[in-house]
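**Student:** Quick one: the structure is below, and I'll ask about it shortly.
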Amino acid sequence: MSLLKRLNDKSEGQAASSSASKSSGVSIGKEGGRSPEHELKTLLRTHLISELRKFDEIDDDKQKEFLNKEAMSFLNQEGERLSFEMKKSFIEDISNELIGYGPITPFLNDPNVSEIMVNGPHDIYVENSGKLIKTQAYFRDHDHVLQVIEKIVSPLGRRIDESSPMVDARLPDGSRVNAIIPPLALNGPTITIRKFPQSRLQIENLINFGTLNENMAQFLDACVKARMNVFISGGTGSGKTTLLNVLSSFIPHDERIVTIEDAAELQLSQDHVISLETRPPNIEGTGAITIRDLVRNSLRMRPDRIVIGEVRSAEALDMLQAMNTGHDGSLATGHANSPRDMLSRLETMVLMAGMDLPVRAIREQVSGAIDIIIQQTRLKDGSRKITHISEITGMEGDTITLQDLFVFKQTDTSPDGKIVGKFVSTGIRPNCADKLIDYGIDVPSHWFEEEWS
């Protein structure tokens, strides 16, 4: 008699939940007990771990091949009443558990999924084509979610426990991970994963996606090559980091680039790149290295360009000072809903440095440091577009003056909810045009021809 048959007899004929064959997780019987399928899956997992321990080293491809072969052999003997489809489901679940990240592994491998949200063990959502969808996948319990979090953060030397219940990390492919656990997360351990494309996106990809048009792309290319300081503004999930990656690709290959991030995500194609990453405090609460510390240190590293993943606090002061003292061509991102709001946020972040600076002095620093602000927006249909490219032109009294060069003009909404519109020039020739020409860059007049209808 097979193991599964014995387990079925032991459970007195209790029917298994149909979800066991479709989802990763626990199948619960009518009276709350573990189903025979779950017991078999547990024994299969134990068997495979035991077999894997016989190998000192085995690469990922051979490991997956070995697991599939060994698991099928085990199930043919012990799970003879299982259908072929259920055996395949068992093997996939166990493979995801042992060499992947549990039930979220298929979503990590799905190129159409851009974000994964685990709201406790039984609620997993994904963002697919800009829309949030609740999936049928689930974890066994809270401990299962914690195991996956540990698997993500441990290789990075980071930790998560009751004394440090929040962590930022990244996956090997560069995807950004945030995890928060009880007692702060009342729903249970929570994971948010922002995925990034496996291949580096180029400006042509963004044009094809409708993020900007060709004139805007050529203008931004010219701005980066002419060593203008560019700040990307936008909301959460608007595509700021993706745009920063693309703009960074315009930096010449003979320049030394220093990138500074909380969790290293940028994928620059240049050879001469030094990537710096913050460090959280240790178990005693000391030893933290912040973005501000790294910005200060980068100034001693002879950078040609400084690229800051996100400015959100007191490091804004050090960034502005660097931009104002010869470190031209810097790139950075920050959270705001418009270019004007970004200026206000920068003022607030400078004040967070604890320096008692007058507001006018801060605004003069901002107007002297930043040349171009790019506003990236995630629209209600899920599409991501550059809605403004604005130039800082100086000060009028106590006010920083901005002028829009390119904007996205919405004209309609299609029956299926898609935003219809076009990118237009405001007809203003930027003040920086002379600087572009000084760098030997052609500035054709058609870039700035007014297109308002």
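**Student:** Restricted to region 255-273, and to residues that are within 18 Å of the chain's Cα centre (by Cα) and assigned to a strand (DSSP E or B), which residue is surrounded by the fewest Cβ atoms within 10 Å (Cβ to Cβ)?
**Tutor:** Residue satisfying both the conditions and the ranking: 261.
**Student:** Test each condition in (1) assigned by TED's automatic domain parsing to the domain that holds residue 440; (2) closer than 25 Å to residue 341 by Cβ; (3) assigned to a strand (DSSP E or B); (4) not acidic (Asp, Glu) for residue 236 and report the one that comes out false.
**Tutor:** Evaluating residue 236 over (1) assigned by TED's automatic domain parsing to the domain that holds residue 440; (2) closer than 25 Å to residue 341 by Cβ; (3) assigned to a strand (DSSP E or B); (4) not acidic (Asp, Glu) leaves (3) as the failure.
**Student:** Got a number for residues in region 324-343 being in a loop (DSSP other than H, G, I, E, B), in contact (Cβ under 8 Å) with a residue 60 or more places away in the chain and not charged (D, E, K, R)?
**Tutor:** Filtering region 324-343 for residues in a loop (DSSP other than H, G, I, E, B) gives 324-330, 336-338.
Checking the rest, the ones that are also in contact (Cβ under 8 Å) with a residue 60 or more places away in the chain come to 328-330, 336-338.
Narrowing further to those that are not charged (D, E, K, R): 329-330, 336-338.
Adding up the residues that qualify gives 5.
**Student:** How many residues does region 345-388 contain that are hydroxyl-bearing (Ser, Thr, Tyr), assigned to a loop (DSSP other than H, G, I, E, B) and at pLDDT 95 or above? First the steps, then the outcome.
**Tutor:** Here is the first cut: in region 345-388, the ones hydroxyl-bearing (Ser, Thr, Tyr) are 348, 367, 377, 383, 387.
Filter again for assigned to a loop (DSSP other than H, G, I, E, B), leaving 383.
Within this subset, residues satisfying the condition of being at pLDDT 95 or above are none.
Number satisfying all stated conditions: 0.
**Student:** Which residue pairs have Cβ atoms under 8 Å apart, sit 6 or more places apart or on different chains, and have a first residue in region 344-361 that is over 16 Å from residue 311 (Cα atoms) and a second that is of a type outside the set (D, E, K, R) and in a helix (DSSP H, G or I)?
**Tutor:** Listed pairs, sorted by first residue: 355/317; 357/350; 357/351.
**Student:** Hey, residue 335 hits all of (1) crowded, with 20+ Cβ neighbours inside 10 Å; (2) closer than 22 Å to residue 259 by Cβ but one; which does it fall short on?
**Tutor:** Only one criterion is unmet by residue 335, namely (1).
**Student:** So, one more: State which residue is nearest to residue 368 (Cα to Cα) when the search covers only region 428-453 and only residues that are charged (D, E, K, R) and at pLDDT 90 or above. Even if it seems obvious, please write down each step before you answer.
**Tutor:** Taking region 428-453 and keeping what is charged (D, E, K, R), we get 429, 434-435, 438, 442, 449-451.
Of the ones still in play, those that are also at pLDDT 90 or above are 429, 434-435, 438, 442.
Working: 429: 19, 434: 17, 435: 15, 438: 19, 442: 24 Å.
Ranking the qualifying residues of region 428-453, first place goes to 435.
**Student:** Scan region 171-220 for residues that are over 21 Å from the mean Cα position of the chain (by Cα) and of a type in the set (Lys, Arg) and report the count.
**Tutor:** Residues that pass the stated criteria total 0.
**Student:** Answer with yes or no whether residue 296 is in contact with a Pro (Cβ under 8 Å, 6 or more places away or on another chain) and either basic (Lys, Arg) or modelled with pLDDT of 95 or more (or both). Step through it out loud before you land on a result.
**Tutor:** Numbers: in contact with a Pro (Cβ under 8 Å, 6 or more places away or on another chain): no; either basic (Lys, Arg) or modelled with pLDDT of 95 or more (or both): yes.
Taking the combined requirement at face value, the residue does not satisfy it.
**Student:** Can you find, within region 274-323, the residue that is surrounded by the most Cβ atoms within 10 Å (Cβ to Cβ) among those that are in a helix (DSSP H, G or I) and not aliphatic (A, V, I, L, M)? Walk me through how you get there before you give the answer.
**Tutor:** Residues of region 274-323 that are in a helix (DSSP H, G or I), as a first pass: 291-298, 315-323.
Going one step further and asking which of them are not aliphatic (A, V, I, L, M), we end up with 292-293, 296-298, 315, 318, 321.
Working: 292: 20, 293: 16, 296: 14, 297: 13, 298: 23, 315: 25, 318: 22, 321: 16.
So, considering only residues that are in a helix (DSSP H, G or I) and not aliphatic (A, V, I, L, M), the one surrounded by the most Cβ atoms within 10 Å (Cβ to Cβ) is 315.
**Student:** Moving on. Taking residue 249, is it at pLDDT 95 or above and within 21 Å of the chain's Cα centre (by Cα)?
**Tutor:** On the way: at pLDDT 95 or above: no; within 21 Å of the chain's Cα centre (by Cα): yes.
No, not satisfied.
**Student:** Within region 389-402, is there a residue that is small (Gly, Ala, Ser), assigned to a strand (DSSP E or B) and in contact (Cβ under 8 Å) with a residue 24 or more places away in the chain?
**Tutor:** We begin by selecting, within region 389-402, every residue small (Gly, Ala, Ser); these are 390, 394, 397.
Add one more test, that the residue is assigned to a strand (DSSP E or B), and what stays is 390, 394.
When the remaining residues are screened for being in contact (Cβ under 8 Å) with a residue 24 or more places away in the chain, the result is 390, 394.
The answer is yes, given that some residue of region 389-402 is small (Gly, Ala, Ser), assigned to a strand (DSSP E or B) and in contact (Cβ under 8 Å) with a residue 24 or more places away in the chain.
**Student:** Among the listed residues 371, 328, which satisfies the condition of being assigned by TED's automatic domain parsing to the domain that holds residue 431, acidic (Asp, Glu), buried (at least 20 other Cβ atoms within 10 Å of the Cβ) and under 27 Å from the mean Cα position of the chain (by Cα)?
**Tutor:** Numbers: 328 fails: buried (at least 20 other Cβ atoms within 10 Å of the Cβ).
One residue alone meets the criteria, 371.
The values are calculated or read from the model by the stated rules, or taken from the named source; none is laboratory data. Here the structure is a predicted model, which means the values were calculated and not measured. For neighbour counting, all protein chains shown are included, and Cβ atoms are generated from backbone atoms with ideal geometry for every residue, glycine included.
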